[in-house]
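Asks: Please see the structure below; I have some questions.
Just so it is clear, none of the values below were taken in a lab; they were calculated from the coordinates. Remember, it's a predicted structure, so these values are computed and weren't measured experimentally. When we count neighbours, we look across all protein chains shown, and the Cβ atoms used for this are built from the backbone with ideal geometry, even at glycine.
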Amino acid sequence: MQGAVGELRTLSEGDVAAAWALEVAGYPPEEAASLAELQYRQREASELFLGHFVDGKLIGFVCGTRSLEDHLTERSMVVHEPTGTTVCIHSVCVDSAWRRQGVALGLLRDYVVRTVHTLPAPRRICLLSHQQLLPLYAKAGFTVLGPSSVSHGPEAWYECVIELDS
């Protein structure tokens with residue numbers, strides 16, 4: 001992995017508070033997930049909650065859930081459907097001290113590789129992005145589909161997708 005050397009692993013229940021601290025530090029209040037939402041995602045879809053740890057400290061994470069829908073909707077942003085073939089990424093968050101060092105890109109690339117091997121096999125991975133982060137997601141292999149119909153705060157969102165070979 002480029003960037004920081006460390007351990008990539010799924011988050012345990014005990015790691016969620018540290019993820020939430022990164023979430024509230026990294027997102028505006030209207031976009032940040034609540035502690036309860038992160039606990040739900042870890043409990044219901046722990047295999048889709050990947051963290052990067054350095055010396056035992058969480059420095060970044062990606063978390064998602066599954067949906068039966070083919071793209072991101074208001075519903076897919078809150079409900080985990082275990083048999084869904086679309087993985088919906090909700091957060092890509094890196095501690096401010098570790099940004100611009102390849103942590104997010106490394107996490108995303110590893111997340112895609114790990115997701116391909118989860119069961120049931122997903123057909124795609126989707127996420128929402130603000131315009132300024134689209135180059136990061138393109139480097140990670142995502143294609144920009146265009147503006148999203150999901151409203152999540154005042155800024156415009158763009159839906160990005162990776163179609164997987166299942």
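Asks: Can you grab the distance from the C-alpha centre of the range 101-166 to the C-alpha centre of the range 15-73, Å, no decimals?
Replies: Result: 14 Å between the Cα centres.
Asks: Same structure, new question: Could you give the dipole magnitude of the chain about its Cα centre, charging the beta-carbon of Lys and Arg +1 and that of Asp and Glu -1, in debye to the nearest 20? Write down the numbers at each step before the final one.
Replies: Numbers: 13 positive and 20 negative charges, 80 e Å.
Dipole magnitude for the chain comes out near 380 debye.
Asks: Report the residue, chosen from F49, F142, F61, that carries the largest GNM mean-square fluctuation when the chain is represented by alpha-carbon nodes joined by springs under 10 Å.
Replies: Of the options given, F142 has the highest mean-square fluctuation.
Asks: Next question, about the same structure. Can you bin the range 83-166 into rounded, prolate or oblate? Criterion: square roots of the alpha carbon gyration tensor eigenvalues sorted a ≥ b ≥ c, rounded for a/c under 1.5, prolate for a/b above b/c, oblate for the rest. Before the final figure, lay out the partial values.
Replies: On the way: a/c = 1.89, a/b = 1.18, b/c = 1.60.
Verdict is oblate for the range 83-166.
Asks: Next question. Would you mind checking the range 122-166 for residues with the amide N under 17 Å from a putative spin-label position 7 Å along Cα→C-beta of T83?
Replies: 122-123
Asks: Over the Cα atoms of the range 7-163, Rg to Rh with Kirkwood Rh, two decimal places? Numbers along the way, then the final one.
Replies: Values: Rg = 14.1 Å, Rh = 15.4 Å.
Rounded to two decimals, Rg/Rh equals 0.92.
Asks: Return the single residue from A36, A18, A97 with maximal mean-square fluctuation; model: Gaussian network over the chain, springs between Cα atoms under 10 Å.
Replies: Judging by the Gaussian network model, the answer is A97.
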